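Working notes, beginning with the structure itself.
Readers should treat all values here as calculations from the given coordinates under stated rules, not as data from a laboratory. Keep in mind that what you see is a predicted model, and the values were worked out from it rather than measured. Counting neighbours? That spans all protein chains shown, and the Cβs are built from the backbone with ideal geometry, glycine included.
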């Protein structure tokens, strides 16, 4: 599950906050196991409760634990900490192992909170409208928002293409994304974010119009080359990613040569908002 292909939200069950992440690749919600244990039990240490439950499930030979994935999320102390996440099906199995009078009501709640995204899957236009309103509320310009939504579509097409080419793990997706970024921007994603003084924020949400255009060109080019060459191995996929990124990299260099200005900006969304207010 990558940050570029996920959406983080907070849901609430009887006043208890449940962190959840929508995975665009798998098209399903993943919920924080510890948050759900907090909501269902009176345990003074939900983390310790989950550790003991995991041990018991492993001893019983249950595959439930292996279906949980660690993901860094914002914790109550304001820091990013790794927490176990599970999809709805896995959570139902975990709940069956937790004696709680809230178990049945929680199952109904769990089914209901996923409806928002199911509804958007059935009606993609609704998802676009919601995303647009979210960006506009954050102070982004309508032109930038339209471009950002297009970039999400292009990214989805690319990740679907990678899945067809047997790209499976989060690390593989991240490596290919870095290959593209390095080829067009001259920086891997981590370095790019550092250059823009970002921590947990989404990199694309902090790109300028021109950066977004070139990133879209890089990803669309990678998709096009991959469809033509049909890479069979991960090294072949990496080669294609570099080739796609190089298309946008050459465009960036040409723009810089003609304009005499750097395309890659250290500006981020917060800085843009602050500059407008001055």
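Relative contact order for segment 159-241: what percent, with Cα pairs under 8 Å and sequence separation of 6 or more?
Value for segment 159-241: 43 percent.
Nearest 10 degrees is fine. How inclined is helix 170-185 to the longest principal axis of the chain, computing both from alpha carbons?
The helix 170-185 is inclined about 20 degrees to the chain.
Where does helix 142-164 land angle-wise versus the long Cα axis of the chain, in degrees 0 to 90, nearest 10?
Here the helix axis deviates by roughly 70 degrees.
What percent do you get for the relative contact order of segment 135-278 when only Cα pairs under 8 Å and 6+ apart count?
Computed over segment 135-278, the figure is 32 percent.
Describe numerically, in nm with one decimal, the distance between label points set 7 Å from Cα along Cα→Cβ at residue 63 and at residue 96.
Result: 1.4 nm between the two label points.
For the chain, what's the relative contact order in percent, using C-alpha pairs closer than 8 Å and at least 6 residues apart?
Relative contact order here is 14 percent.
Sort 216, 187, 80 by Cβ crowding within 10 Å, fewest neighbours at the top.
Listed from fewest to most nearby Cβ atoms, that is 80, 187, 216.
Given Cα positions, please report Rg to Rh for segment 225-265, the hydrodynamic radius being the Kirkwood one.
Values: Rg = 13.7 Å, Rh = 11.6 Å.
Rounded to two decimals, Rg over Rh is 1.19.
How far is helix 124-137 tilted off the main Cα axis of the chain, in degrees rounded to 10, range 0 to 90?
Roughly 80 degrees, rounded to the nearest 10.
With r as the distance between the Cβ atoms of residue 209 and residue 157 and R0 = 25 Å, compute the FRET efficiency 1/(1 + (r/R0)^6) and round to 0.05.
0.75
Measuring from the lowest to the highest alpha carbon on each principal axis, how far does segment 196-278 reach, largest first, in angstroms?
52, 34, 16
As a test of the formula, what do you get for the chain when each DSSP H run with n ≥ 4 contributes -39,500 (n - 2.57) and the sum is divided by the residue count, at 222 nm and rounded to the nearest 500 deg cm²/dmol?
Values: 12 runs with 166 residues, N = 278.
When only DSSP H runs of four or more count, the value is -19000 deg cm²/dmol.
So what is log10(I(q)/I(0)) for segment 135-183 at q = 0.24, 0.26 1/Å, when the Debye sum runs over its Cα atoms only?
Relative scattering, expressed as log10 I(q)/I(0), comes to -0.88, -0.93.
For segment 139-277, just say rounded, prolate or oblate: build the C-alpha gyration tensor, square-root its eigenvalues into a ≥ b ≥ c, call rounded for a/c under 1.5, and beyond that prolate if a/b exceeds b/c, oblate if not.
On the way: a/c = 1.90, a/b = 1.62, b/c = 1.17.
Taking the square roots of the gyration eigenvalues as a ≥ b ≥ c, segment 139-277 is prolate.
Choose one answer from 238, 56, 20: the residue with the largest mean-square fluctuation in a GNM of the chain with alpha-carbon springs under 10 Å.
Result: 56 has the largest fluctuation of those listed.
Apply the Debye scattering formula to the chain, with a single equal point scatterer on each alpha-carbon and no solvent, then give log10 I(q)/I(0) at q = 0.07, 0.15 Å⁻¹.
Debye output, listed in q order: -0.31, -1.20.
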